[in-house]
Amino acid sequence: MTIVVRRAVSHGWGYDFNYTLSHSIDNGSASETGSQTLNLTGALQDAFNANGFRGPSDFDMRHLITADAVVELPVGKNKMFLGSSPRWLDAIVGGWQVTTLISVRTGTPLNVIDSGVYNVNYETSSYSILAPGATLPANHFAFDNNGNPSIFTNTSAVNAFVGSYPGAVGTRGIVRGPGFFNTDLAIGKTFRLPKEGHRVQVRGEAFNAFNHVNFSNPSSVSLASPTTFGEITSTANNARVMQFALRYEF
C-alpha cells in the first residue's frame, strides 16, 4: 500500500509525504553465488527443499516514510509581513527559504545463527527457531545490560532461541535490525539584482542535520555468542555534513 499526500509549491510553500506499507517474501534474496552473511542469504540452506528457506526478504522494509517540504518565509517585499518594506530592509529580512527532506524506515530481517551446526548442508550454519514455550523477546534498538547498542534490551534474549532440528533449515528472518531516521535541511537567502529576473542565492545545507546516529545491523546474532547476543558494533550513516553554495539565477 502506498499513500501519497502532495501540495505543489504555490504561494511560497509546498510538500510531499509518501508512506509505503509492504511485505516482501521469497526463498532467496540474492544470487546463489552471493556471499553468506546475515543479510545476504542467496544460497538455499536446503537445495532439495527451496520452500524451506521461505521467509521475509532481506530487503523487506515493512514501513517506509519519505517527506520533503519547501517554505518561503512570508516576510519581505510583496509578502504577508513587511510587504512594503524598502529595498534595504527587504535585502535583510526578505528572500529566506527553508527546505527539508526526511527519511524514516523500519529495520530489515535478521537470522539467528546456530553457529557450527549444519543440519542440512556442510557449507552454512543452520538458523535457530523459537524455543518451545518461549515468546519472541522485545526486538528494537536499545542499550543492553552491558551498556552497548543492541537490538535487545538484554543479552539473555539468547535463551528464547534454540537450534533447529536435524534436516530442518530453521526460521529465516526471525528478528529485525534497527530502523533508520534521517533529516536533511537547507536554508537559502535570495538577493534580487538590479537587472530584472536576475537573482543570487546563498545556501547552507546540512545532511543528517541533527547528527542522528543510525546503527548498522548486529555483526553477529549467534547462539554461540551469548554474552554479546544482538549487540551492534558499527553505524550505518555518516555524521553531520554541511556545505555552502552560491547560485546565480537568470
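Taking label positions 7 Å along the Cα-Cβ direction at both residue 124 and residue 31, the computed distance is 1.5 nm, reported to one decimal. Given R0 = 35 Å, the distance between the Cβ atoms of residue 227 and residue 3 translates into a calculated FRET efficiency of 0.20.
Candidate values (1) 82, 38, 31; (2) 55, 48, 34; (3) 72, 44, 37 were compared with Cα extents along the principal axes in Å computed on the shown model; the agreeing label is (1). Each Lys or Arg adds one and each Asp or Glu subtracts one; over the other residues with Cβ under 15 Å from the Cβ of residue 83, this totals +2. Among beta bridges from DSSP that stay inside the chain, the antiparallel ones total about 95%.
Taking amide H as placed 1.01 Å from N in the peptide plane, the amide H of residue 26 sits under 5 Å from that of 55, 57, each at least 5 places away or on another chain. Taking every C-alpha pair closer than 8 Å and separated by at least 6 residues, the mean separation divided by the residue count of the chain gives a relative contact order of 16 percent. Taking GluC sites (Glu not before Pro) in DSSP loop states with no more than 15 other Cβ atoms inside 10 Å as exposed sites, the chain has its longest site-free stretch at 33-122. Entry note, the stretch 1-116: relative contact order of 25 percent, from Cα contacts under 8 Å with a spacing of 6+ residues.
Every read-out reported here was derived from the displayed coordinates using simple, explicitly stated rules and does not represent laboratory data. Since we're looking at a predicted model, the values are computed, not measured. Backbone-built Cβ (ideal geometry, glycine too); neighbour counts: all protein chains shown.
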